[in-house]
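To keep things clear, I will list the structure first and then write my remarks on it.
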Amino acid sequence: MSFPSLVAQGLKAERFALLDIGCSGGIDPRWRAFGGKLKALGIDASDSECKRLAAAESNPEVSYVAAFVGPSADRAIDLSAGPAAPLIMKMRDRMSFMRTREIRDAKLQTASPEEQLRHNAWELTGLADPTKPVVVPDLLAQRGWTDLDYMKIDTDGIDWQILQTFEGRLASFHLLALQMEVNFVGDGAADEHSFHNTDRFLRRHGFDLFRLDVRNYSSRALPARYIWPTPAETHSGRPFQGEAYYAIDLLGPHGTARVDGLTGEKVAKLAAILSAWDVPDAAAELLLGCRDRLKPVIDVDRSLDVLAAQTQGDRVRPLDYRSYMARFESDPPDFYRPEGPIPLRERLAAAWRAFSRPRDSR
């Protein structure tokens, strides 16, 4: 059993509240571990995709809204400007994946919505009304969402603008964690959609970076092999975009005051998020630091065993938490990579991990 599933079993008074801005492709499967305890709202500019997702949805607490998102409900979205800021659009045009899009453009024009979305050509699908954008915090308030555990933003362009609509309002939603697409290019402007601006904004609002995935893109001058079956990131190239994962750090310098304001179920959900991000060490640290608060929700010792097993990956018989920590304290050689050339067994294991646990391709 995964740790998020274990936490889901312990939830009595609360659900896991998820907001997915840019939900084409569906809610990330890892959050389905919460089962009937999952409450989610997906927003996407593709009307046809939202209809498809709604038709396939079996959880009555999960709904989808087809709408463009913007900083103002009174300002129509200008589709002629492209989905991203001018600088990002210029950078995109230099990349090999955009050349592939050009090569395939004629076929994509008549392809199915599913195929268009698979190539990230969402602008070719049936779209929502660009003259009626929504402001996300206002939409949440209209729907009575006063408590939010997790937010994901991935809109291929205006992620930074959307984040800024939460200025001074993140605390009111009691947000635990946020996942967001970031750009590693820019000119240093204070208002551009870049990692450094995102990082400053979220740290100012009390969030810390717990994981960062970097996606490399080759230029069309010398294309590298694609990682996925669709044109996107490549095996080599410059760091262009990535996925940043932020959460409140309850064990950090300002954590004590924050813990006092959270229920045990809320703390358990934060630990589940960290585990789902594949940072089980941070989840274990939270369990140890908030043991008394978590006791009514989960069996902390059993949970530590589950997290220890996650850390050990595909080991057939993983050690329990106490045994694992005792082994670490003995400073054994298996906590290090052997000196010299990387053994074939280790290379094959790494290749299998990359195949069986691929990063989010969006």
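Looking only at the chain, where both bridge partners belong to it, what percent of the DSSP beta bridges are antiparallel (to the nearest 5)? Don't skip to the end; give the middle numbers.
On the way: 19 of 39 bridges.
Close to 50 percent.
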Item to complete: With a ≥ b ≥ c taken as the square roots of the eigenvalues of the C-alpha gyration tensor of the chain, please select rounded if a/c is under 1.5 and otherwise prolate if a/b is larger than b/c or oblate if it is not?
Response: oblate
Practice prompt. Using θ = phi - 60° and the Karplus relation 6.51 cos²θ - 1.76 cosθ + 1.60, list the HN-Hα couplings for segment 157-167 in order, rounded to whole Hz, with x at every Gly or Pro.
Written response: x, 9, 3, 5, 5, 5, 4, 5, 5, 9, 3
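Show that you can apply the helix-only estimate: for the chain, add -39,500 (n - 2.57) for every DSSP H stretch of four or more residues, divide by all residues, and state [θ] at 222 nm to the nearest 500. Intermediate values should be presented prior to the final figure.
Working: 15 runs with 136 residues, N = 362.
Mean residue ellipticity, 222 nm, calculated: -10500 deg cm²/dmol.
Rounded if a/c is under 1.5, else prolate if a/b is larger than b/c, else oblate: which is segment 189-312, with a ≥ b ≥ c the root eigenvalues of its Cα gyration tensor? Numbers along the way, then the final one.
On the way: a/c = 3.98, a/b = 1.75, b/c = 2.28.
Oblate is the answer for segment 189-312, as a/c is 1.5 or above yet b/c matches or exceeds a/b.
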Item to complete: Using Cα pairs closer than 8 Å and at least 6 residues apart in sequence, work out the relative contact order for the chain, in percent.
Response: 16 percent
Worksheet, complete the sentence: Taking 0.36 nm per residue of separation between Arg322 and Asp281 and subtracting their Cα-Cα distance, the length gained on full extension comes to 13.4 nm
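No value in this document is a laboratory result; all are computed from the given coordinates. This one's a predicted model, so the numbers in the text were calculated from it and none came from an experiment.
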